[in-house]
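These notes concern the structure reproduced below.
The values are calculated or read from the model by the stated rules, or taken from the named source; none is laboratory data. Keep in mind that what you see is a predicted model, and the values were worked out from it rather than measured. So basically every Cβ, Gly included, is an ideal-geometry build from the backbone, and we count neighbours across all protein chains shown. With ligands, DNA and RNA removed, areas are computed over all heavy atoms of the protein, side chains included. Shrake-Rupley method; radii C 1.70, N 1.55, O 1.52, S 1.80 Å.
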Amino acid sequence: QVRLVESGGGLVQVGGSLRLSCAASGRTFSDDAMGWFRQAPGKEREFVAAIRWMSNSPFYGDSAKGRFSIFRDNAKSMVYLQMNSLRPDDTAVYYCATGASERLSRPNDYAYWGQGTQVTVSS
């Protein structure tokens with residue numbers, strides 16, 4: 001069993017930055033991937049970024065490229081999402097997830113999910 005807890009969401013103005021954190025506990029494996037997804041009201045869950053515990057190669061969704069960065073601290077079992085140049089369409093609940101699938105961009109690739117943290121970007 002794996003438990004994921006997100007934090008760091010909040011209200012920010014357009015152009016601002018936020019750093020989301022995800023704390024993982026329980027059984028994890030080095031090949032597992034950690035991913036961030038987001039879901040806005042009335043929309044499908046959208047892939048944001050992912051990284052494996054033992055990889056230095058992050059993987060980003062189109063909405064995150066050039067503005068967001070995912071990184072990890074293996075010693076602390078933490079994964080972070082640094083979000084810069086935030087826009088109103090970044091407003092969503094952001095979820096942390098983990099899984100062992102080779103693919104990284106679909107919700108079904110992940111077995112465990114956190115409860116989510118709200119990010120609101122005001123104009």
Exercise for review: Determine, yes or no, whether Ala75 is open to solvent by less than 60 Å² (accessible area, probe 1.4 Å) and either assigned to a helix (DSSP H, G or I) or modelled with pLDDT of 95 or more (or both).
Suggested key: no
Review point. Which of the residues that make up region 24-38 are of a type in the set (A, V, I, L, M) and out of contact with any Leu (no Cβ under 7 Å at 6 or more places or on another chain)?
Key: Met34
Point to revise | Residue satisfying condition, being farther than 17 Å from Gly9 by Cβ, touching a residue at least 24 places away in the same chain (Cβ under 8 Å) and touching a Ser or Thr at 6+ places or on another chain (Cβ under 7 Å), within set Tyr94, Tyr110, Tyr80 | key: Tyr110
Point to revise | Matching residues in region 90-106 - criterion: being open to solvent by 30 Å² or more (accessible area, probe 1.4 Å), more than 9 Å from Gly35 (Cα to Cα) and out of contact with any helix residue (DSSP H, G or I) (no Cβ under 6 Å at 6 or more places or on another chain) | key: Thr91, Val93, Ala100, Glu102, Arg106
Point to revise | Unmet criterion (only one of (1) among the hydroxyl-bearing types (Ser, Thr, Tyr); (2) without any contact (Cβ under 8 Å) to a residue 60 or more places away in the chain; (3) within 21 Å of Thr120 (Cβ to Cβ); (4) open to solvent by 30 Å² or more (accessible area, probe 1.4 Å)) for Ser17 | key: (2)
Exercise for review: Among residues belonging to region 36-58 that are modelled with pLDDT under 95 and part of a strand (DSSP E or B), point out the one that is farthest from Gly9 (Cα to Cα).
Suggested key: Arg52
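Yes/no per residue for (1) out of contact with any helix residue (DSSP H, G or I) (no Cβ under 9 Å at 6 or more places or on another chain); (2) free of Cβ contacts under 8 Å to residues at least 12 places away in the same chain; (3) exposed (fewer than 15 other Cβ atoms within 10 Å of the Cβ); (4) over 16 Å from Ser7 (Cβ atoms):
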| position | (1), (2), (3), (4) |
| --- | --- |
| Ala50 | no, no, no, yes |
| Lys65 | yes, yes, yes, yes |
| Ser69 | yes, no, no, yes |
| Pro88 | yes, no, yes, yes |
| Gln118 | yes, no, yes, no |
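Quick grid of which residues meet (1) open to solvent by 70 Å² or more (accessible area, probe 1.4 Å); (2) at pLDDT 95 or above; (3) farther than 25 Å from Val121 by Cβ; (4) among the hydroxyl-bearing types (Ser, Thr, Tyr):
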| residue | (1), (2), (3), (4) |
| --- | --- |
| Gly8 | no, yes, no, no |
| Arg27 | yes, no, yes, no |
| Ser30 | no, no, yes, yes |
| Ala33 | no, no, yes, no |
